[in-house]
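The values are calculated or read from the model by the stated rules, or taken from the named source; none is laboratory data. All figures in this text were calculated on a predicted structure; none of them were measured in a lab. We place every Cβ from the backbone using ideal geometry, glycine too, and count neighbours over all the protein chains shown. In case anyone asks, the SASA skips ligands and DNA or RNA and just uses the protein heavy atoms, side chains included. Shrake-Rupley method; radii C 1.70, N 1.55, O 1.52, S 1.80 Å.
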Amino acid sequence: MKPKYALFILLALASCNGLAPTVDRSADPAASAQKVFLAYDAAAKQLLAKMTLEEKVGQMCQPDQGALKDPADIEKYFLGSLLSGGGSGPKNQADYTLQGWTDMVDAYQRHALNTRLGIPLLYGVDAVHGHNNIPGAVVFPHQIGLGCARNPELVEQIARITAEEVRATGINWSFAPCVAVARDERWGRTYESYSENPDLVQVLGEAAVRGLQGAHLADPLSVMACAKHYVGDGGTAYASAAWNEGRGLDQGDTRCDEATLRRIHLGGYITALRAGVGTVMPSYSSWNGVKCTAHKYLLTDLLKDELGFAGFLISDYNAIDHLDPDYKKCIEIAINAGIDMVMLTDKYAVFCRDLQELVAEGRVSLARIDDAVTRILRVKSALGLLDKSRPPLADRRLHRTFGSAAHRAVARRAVRESLVLLTNERHTLPLSKTASRIHVAGVGADDLGMQCGGWTISWQGSMGDHIPGGTSILTAIKNTVSKDTAVTYAQDGSGARGADVGIVVIGERPYAEMKGDSAELSLPQEDLDALATMKQAQIPLVVILLTGRPVILGEIPAQADALVAAWLPGSEGQGVADVLFGDFEPTGKLSYSWPRCVSQLPVNVGDSDYDPLYPFGHGLSY
Ligand code: GLC
């Protein structure tokens, strides 16, 4: 491990015990790393000088490609960027392939090249655990598992592979890493965060930016990263009243003083800036009642002026719509607060018209427009997009290594290192490869969709085996044992009597964002029933949890002889079998405190009454 990372890991672990001082990163030379973008100022300003107001405003607009009324609108409105929101791919299901995605993105680029100035598109996608929208991509463990692996070099390597697979489709921007510090597991986005611990988030977030952006953004295998969601998205307060009105933690209100906001939630942005991140996405959530998307102090005074952020701010998906009943006022508030590019669905014509009017009416200054567009063009220049000798179309040679065995081997290693052995009574694990019969149960044993979780093929993810190239945990077990070992499977746990050992794979069904907000953190009854049925067979029982967060376990630890947290491991289930059968030791350590019950929440290191079921840093080995 590189010395610089080792220091941070030590700091992360020490600080969780209150031993190390919380280093004030606000003085870090993040600004110096950001100066790399200032080197492109001349190129940006030279192009800016040629642009009409209409062309400038078009650069600040990012519609979802699925909402385009006509691809030619890219030319009509001089659009500077498109995104594919979760699952927003080719319209025909038959084209929902690597080839189909690549053809779609290239076609949009050609429209952009067809405009007067031919400024290529920035095309953004949520490649948050591999290029997870595309069938056949390697799907890596979600960030919570990487937080438990605590291996920044591995995170950087994963991000590098992800960047390559994203580039294979001609896409040049990923809305990652999420550097949220999730403080309450009832939040549906807990698995998108590395940890409750700010230092761990900072180390791993920095590694992810370095992997995605590489040594130089102009590298054809690099993509632009996006640190999100700025700031304090993981610290929103649980309010039962809001919950009862259907509003959970997601997009809620983070209530704390500025010192606490800086100490817990800001560090991931400082280390991302230091890694040269080109974009930052403000959060839907609020800080003390004021929405981050409208917060001039946070966006301009703190991030841009104090910390020296020289890239650009992209608002979250239709996030500006929530700022005011009047859409034109929403635009005015967001742009004047410091938003440089607006992510939206179908209101791109209205946005372009209204923003031009706001400038004509003096409600948004031309200086603010020029600052925003200069920032966008600086980043495009750094990516090589203003270099006319480099067509921005996909390098289809990369299709050869898309989802390759070499990429999958790295994901399999990440799965191994993300597993946390919570209990292991009487050395139940590791299992023998030569047992006469192993009985497997639980819906998660043979369901790649559940193994991958949300943000996989679609926004919410889904149950099922629509992840080509993946290996389920049941298949992995069969791949590992001797040819004389019988591996039997019954989802409901029946038929276990007489087996040498039982393995039950249970957990959460896929979800994303607010759909995952949960006040109970309980497992589905069918999982508990399968476990109970298996228990009646009176054989040693290994329970594997496929969850996006610590959940309330109730009687499960007492029923299990061994209990493994596998989180959302992604496509490479073989990594789970590698540890179950002892080819590799379990090395994962909890990056979250595991609550005993929901009444304990939020429970985090440093609480005066800290008494979790399993503490931050817990993890057994063989
Ligand atoms: C979503 C998420 C954000 C994502 C964006 C684009 O609502 O909040 O994380 O990057 O929209 O899909």
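Which residues, taken from segment 184-200, are touching a His at 6+ places or on another chain (Cβ under 9 Å) and closer than 24 Å to residue 510 by Cα? Hits for segment 184-200 are 189, 191, 192.
Run down 418, 432, 381 and say which single residue is among the hydroxyl-bearing types (Ser, Thr, Tyr) and within 29 Å of residue 314 (Cα to Cα).
381
Checking each residue in segment 336-357 for being closer than 26 Å to residue 70 by Cα and part of a helix (DSSP H, G or I) picks out 348, 349, 350, 351, 352, 353, 354, 355, 356, 357. Here residue 143 meets each of (1) within 16 Å of the ligand (Cβ to nearest atom); (2) under 16 Å from residue 224 (Cα atoms); (3) open to solvent by 10 Å² or more (accessible area, probe 1.4 Å) with one exception, condition (2). Going through (1) touching a strand residue (DSSP E or B) at 6+ places or on another chain (Cβ under 8 Å); (2) open to solvent by 10 Å² or more (accessible area, probe 1.4 Å) one by one, residue 584 falls short only on (1). Here residue 315 clears all of (1) among the small types (Gly, Ala, Ser); (2) out of contact with any Ser or Thr (no Cβ under 7 Å at 6 or more places or on another chain); (3) within 16 Å of the ligand (Cβ to nearest atom) except the condition numbered (2). Number of residues in segment 146-160 that are surrounded by 24 or more Cβ atoms within 10 Å (Cβ to Cβ), of a type in the set (Lys, Arg) and within 25 Å of residue 85 (Cβ to Cβ) equals 0. With the structure loaded, tell me whether residue 569 is in contact with a Ser or Thr (Cβ under 8 Å, 6 or more places away or on another chain) and not in a loop (DSSP other than H, G, I, E, B) or whether it fails that test. Criteria not met by residue 569.
Would you confirm whether or not segment 210-230 contains a residue that is farther than 27 Å from residue 312 by Cβ, out of contact with any helix residue (DSSP H, G or I) (no Cβ under 6 Å at 6 or more places or on another chain) and either β-branched (Val, Ile, Thr) or open to solvent by 10 Å² or more (accessible area, probe 1.4 Å) (or both)? Looking for residues that are farther than 27 Å from residue 312 by Cβ, out of contact with any helix residue (DSSP H, G or I) (no Cβ under 6 Å at 6 or more places or on another chain) and either β-branched (Val, Ile, Thr) or open to solvent by 10 Å² or more (accessible area, probe 1.4 Å) (or both), one finds none in segment 210-230, hence no. Looking across segment 374-414, the residues that are among the hydrophobic types (A, V, I, L, M, F, W, C), part of a helix (DSSP H, G or I) and touching a Phe, Trp or Tyr at 6+ places or on another chain (Cβ under 9 Å) come down to 376, 377, 379, 382, 410, 411, 414.
Taking segment 503-535 as the range and being within 16 Å of the ligand (Cβ to nearest atom) and open to solvent by 70 Å² or more (accessible area, probe 1.4 Å) as the test, the residues that pass are 514, 515. Just one of the listed residues (500, 465) is of a type in the set (Asp, Glu), open to solvent by 20 Å² or more (accessible area, probe 1.4 Å) and within 30 Å of residue 91 (Cβ to Cβ), namely 465.
Taking the criterion of being assigned to a loop (DSSP other than H, G, I, E, B), buried (at least 24 other Cβ atoms within 10 Å of the Cβ) and among the small types (Gly, Ala, Ser), would at least one residue in segment 436-446 satisfy it? Scanning segment 436-446, I find at least one residue that is assigned to a loop (DSSP other than H, G, I, E, B), buried (at least 24 other Cβ atoms within 10 Å of the Cβ) and among the small types (Gly, Ala, Ser), so the answer is yes.
No other residue among 307, 261, 249 is over 18 Å from residue 213 (Cβ atoms), open to solvent by less than 10 Å² (accessible area, probe 1.4 Å) and more than 16 Å from the ligand (Cβ to nearest atom) apart from 261. Does segment 163-183 hold any residues that are without any contact (Cβ under 8 Å) to a residue 60 or more places away in the chain and either outside the structural domain of residue 390 (by TED's automatic domain parsing) or within 20 Å of residue 404 (Cα to Cα) (or both), and which are they? Result: 166, single match. Test residue 340 against the stated conditions and say whether it is acidic (Asp, Glu), within 14 Å of the ligand (Cβ to nearest atom) and either within 19 Å of the chain's Cα centre (by Cα) or buried (at least 19 other Cβ atoms within 10 Å of the Cβ) (or both). So residue 340 fails the test. Are any of the residues in segment 127-136 more than 15 Å from the chain's Cα centre (by Cα), buried (at least 24 other Cβ atoms within 10 Å of the Cβ) and more than 13 Å from the ligand (Cβ to nearest atom)? Checked against the condition, which is being more than 15 Å from the chain's Cα centre (by Cα), buried (at least 24 other Cβ atoms within 10 Å of the Cβ) and more than 13 Å from the ligand (Cβ to nearest atom), segment 127-136 yields at least one hit.
Of all the listed residues (393, 377), the sole one being within 25 Å of residue 107 (Cβ to Cβ), at pLDDT 95 or above and open to solvent by 20 Å² or more (accessible area, probe 1.4 Å) is 393.
Could we say that residue 333 is away from the ligand (no atom under 15 Å from the Cβ) and either touching a Gly at 6+ places or on another chain (Cβ under 6 Å) or touching a residue at least 60 places away in the same chain (Cβ under 8 Å) (or both) here? Taking the combined requirement at face value, the residue does not satisfy it.
Residues that are over 26 Å from residue 460 (Cβ atoms) and among the hydrophobic types (A, V, I, L, M, F, W, C) were ranked within segment 191-234; the one that is nearest to the ligand (Cβ to nearest atom) is 209.
Annotation note: of 215, 241, 237, the sole residue that is over 20 Å from residue 152 (Cα atoms), part of a loop (DSSP other than H, G, I, E, B) and of a type in the set (A, V, I, L, M) is 237.
Pick from segment 44-73 the residues that are assigned to a loop (DSSP other than H, G, I, E, B) and not aliphatic (A, V, I, L, M): which of them is farthest from the ligand (Cβ to nearest atom)?
Pass one, segment 44-73, residues assigned to a loop (DSSP other than H, G, I, E, B): 49-52, 60, 68-72.
Cutting the leftovers down to not aliphatic (A, V, I, L, M) gives us 50, 52, 69-71.
On the way: 50: 31, 52: 29, 69: 20, 70: 22, 71: 20 Å.
Within segment 44-73, the match that is farthest from the ligand (Cβ to nearest atom) is 50.
Residue pairs whose Cβ atoms lie under 7 Å apart, sitting 6 or more positions apart in sequence or on different chains, and linking a residue in segment 500-519 that is among the basic types (Lys, Arg) to a partner that is within 16 Å of the ligand (Cβ to nearest atom) and open to solvent by 20 Å² or more (accessible area, probe 1.4 Å), are 515/460.
Take the residues of segment 248-268 that are touching a residue at least 24 places away in the same chain (Cβ under 8 Å) and part of a loop (DSSP other than H, G, I, E, B): which is nearest to residue 307 (Cα to Cα)?
256
Quick one: which residue in 582, 606, 588 is small (Gly, Ala, Ser), in contact with an Asp or Glu (Cβ under 8 Å, 6 or more places away or on another chain) and not assigned by TED's automatic domain parsing to the domain that holds residue 263? Matching residue, one of 582, 606, 588: 588.
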